[in-house]
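Presented below is the structure to which this report refers.
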Amino acid sequence: MENIIKQIVNAWDPISLFPGAPKDEYSFEINEILFLVKKTRDVSTLANGIESIFERNFGKDVFMSTYNECLEIAHLILNEVNLLSVSKDKPLL
């Protein structure tokens, strides 16, 4: 699950740190998002959490993404996590 979140957040790159920053630049935020995903599968709650995490860690003057962008990222994360869960539950043929 952590790898899924890492791929999505790094591809999003909400602070535009790449390619100059190390690939683990968002590791703290990714861990916070992972904690949220383990607590809730509600997309609005996750989107609010993502927005809050980045605003708190980078400041509103640096983190310029909108709630709707965070909502889109939350949807992506939950869709991928749900796909992962479904594939783990499938019996092997």
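Among what's in segment 38-86 and is hydroxyl-bearing (Ser, Thr, Tyr) and either free of Cβ contacts under 8 Å to residues at least 40 places away in the same chain or in contact with a Leu (Cβ under 6 Å, 6 or more places away or on another chain) (or both), pick the residue that is nearest to Pro14 (Cα to Cα). Among those that are hydroxyl-bearing (Ser, Thr, Tyr) and either free of Cβ contacts under 8 Å to residues at least 40 places away in the same chain or in contact with a Leu (Cβ under 6 Å, 6 or more places away or on another chain) (or both), it is Thr66. Restricting attention to segment 11-34, the residues that are small (Gly, Ala, Ser) and within 18 Å of Met1 (Cα to Cα) add up to 2.
Where a number appears in this text, it was derived from the coordinates with a stated rule and is not lab data. None of the values given here were measured: they were computed from a predicted structure. Backbone-built Cβ (ideal geometry, glycine too); neighbour counts: all protein chains shown.
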